[in-house]
Amino acid sequence: MSEVSPTVSSYHAPQRKRRPLHLKILIGLVLGASIGLVANVVYTQPVVAGVQDSLDADANGIHDHLDWVAVNIADPVGKVFLRLVFMVVVPLVFAALALGVVGLGDVRRLGRVGGRTLLFTVALSMSAVTIGVVLVNTIKPGGGLKHEQREALRAQYAGGAAALVQKAKQAKSLKDTLLDIIPENPLQEMVGALDGSSKGNGMLAVMFFALIIGVAITLVPQDRTRTLVSLLEGVFDVCMVVIGFAMRIAPYAVACLVFAVTARLGIDILHKLMWFVLTALLGFTIHMLVVYSLTIRFFGGMGPLEFFRKISEAMVTAFGTSSSNATLPTALRVAKDTLRLPREVAHFVLTVGATGNQNGTALYEGVVVLFLAQVFGVDLTIPQQITVVLMSVLAGVGTAGVPGGSLPLIVIVLQSVGVPGEGIGIILGVDRILDMCRTVLNVTGDLAIATCVSRSESRTTEA
Ligand code: ASP
């Protein structure tokens, strides 16, 4: 039949091209941010007398209605997505890492890939903090904050700051921190891995357990471990399907998460802390555009533009969720489908990197500590600044890949160089928005290292 009757054909909806997921998430992000900002302006500023009833506003000047929408609609929708992802993060990390080690085959190859990953992590984190420290020393963002502004900000976020200082006081010694990477009770570590309530080192301890199990599997004859390995593969695949469910609502969830932040935050506070925010953003941009681009070009053998285009879905997910752990499944998928990296190397580097490689966080920690030192008039000597660099690199490794994961560690670094830990209250108001940005850097860094290590591995195996 050559002709289709118009009546019949009209029942077929025109074939619409499906938008790629990262584009949908990006649209959600822009919509959420803009609606949030507009709502903030409308509901927190007395635009027309009578429209704004200041009695309905809370201590932060946020109108009750807006707060209600943020608390009862935006936050829950965002949380549905985050919980769907977080509920499979622990089994996913365990399965991916153990399988990564098994895939690497022997301990020598594991040592080589692990060694290169560590080398890139240290080099990228060092350069990140150095960029941050140089920028703060040049721009001096802490010099411009007036005494009253500083006091007002500190008073407003005093509660949050006190809780963080309390948490920092419970911090363990370096010896115990390192020892706690080896879990006494892996299940207990898994239970508390995401909320920091585990007895030992949480996610790092879970990762150590996965590594050991992976190594042990490679040492047992294959016919005895085949079932165990296919069980792990099954766990991994099932987790990725659950993540697939979550990703379907990702565009809406990201819109809600970003709305909740911008509606409460507005631009007023960004204005007060403008120089601090600009310094951090400039640092992130330099690291992204210069350091990552050069690394990818010279060690990854790929054009930076092509790389950023290919990983854009992971970047927008990181921005929307503020969590490296929540972005891990997307990063794994991107590594497999668009970057086409070898599975075992990608599994290993990305799972280790989601907690252990946080370049954006390291840069941010350096900027915050030096900024607050300037605000409080604490003159940091060169050796003290070097201490800040080294501690920030280490803190980047120890930071949990969850929203605000770096805050307790920032308090520790602050106190170690004689800046009052409570000072963190000054930047808490803008932390979330900068958290979104530094998480993008963290995830990009993981994918950059995975690309570079994959390339060097393929060269070694070819040789
Ligand atoms: N949110 C960051 C991440 O998940 C950690 C932090 O810097 O607070 O990578």
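A compact table of results
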read-out: Criterion: open to solvent by 50 Å² or more (accessible area, probe 1.4 Å), out of contact with any Cys (no Cβ under 6 Å at 6 or more places or on another chain) and in contact (Cβ under 8 Å) with a residue 40 or more places away in the chain - qualifying residue of 80, 101; value: 80
read-out: Flag for residue 373 being within 13 Å of the ligand (Cβ to nearest atom) and not charged (D, E, K, R); value: no
read-out: Selection from the stretch 226-275 of residues that are within 24 Å of residue 91 (Cβ to Cβ) and among the basic types (Lys, Arg); value: 226, 248
read-out: Some residue of the stretch 367-386 being closer than 20 Å to residue 324 by Cβ and either surrounded by 23 or more Cβ atoms within 10 Å (Cβ to Cβ) or touching a residue at least 24 places away in the same chain (Cβ under 8 Å) (or both); value: yes
read-out: Matching option when the condition is touching a residue at least 24 places away in the same chain (Cβ under 8 Å), open to solvent by less than 10 Å² (accessible area, probe 1.4 Å), in a helix (DSSP H, G or I) and more than 16 Å from the ligand (Cβ to nearest atom), among 460, 451; value: 451
read-out: Wholly within the stretch 254-338, helices (runs of 4 or more DSSP H) carrying at least 1 residues that are open to solvent by 60 Å² or more (accessible area, probe 1.4 Å); value: 268-272, 274-286, 293-299, 304-310, 324-337
read-out: Unmet criterion (only one of (1) out of contact with any Gly (no Cβ under 8 Å at 6 or more places or on another chain); (2) within 15 Å of the ligand (Cβ to nearest atom); (3) of a type in the set (Val, Ile, Thr)) for residue 440; value: (1)
read-out: Residues (more than 9 Å from the ligand (Cβ to nearest atom), modelled with pLDDT of 85 or more and under 19 Å from residue 322 (Cβ atoms)) located in the stretch 393-409; value: none
read-out: Residue match in the stretch 411-427 (condition: under 12 Å from the mean Cα position of the chain (by Cα) and within 15 Å of the ligand (Cβ to nearest atom)); value: no
read-out: Residue list for the stretch 342-357, restricted to those being over 18 Å from residue 128 (Cβ atoms) and touching an Asp or Glu at 6+ places or on another chain (Cβ under 8 Å); value: 342, 345, 350
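The values are calculated or read from the model by the stated rules, or taken from the named source; none is laboratory data. Just so you know, these numbers come straight off a predicted model, no measurement behind them. Don't worry about glycine lacking a Cβ; one is built from the backbone with ideal geometry, like all the others, and counts go over all protein chains shown. Quick note on the areas: whole protein, heavy atoms, side chains included, nothing else; ligands and nucleic acids left out. Shrake-Rupley method; radii C 1.70, N 1.55, O 1.52, S 1.80 Å.
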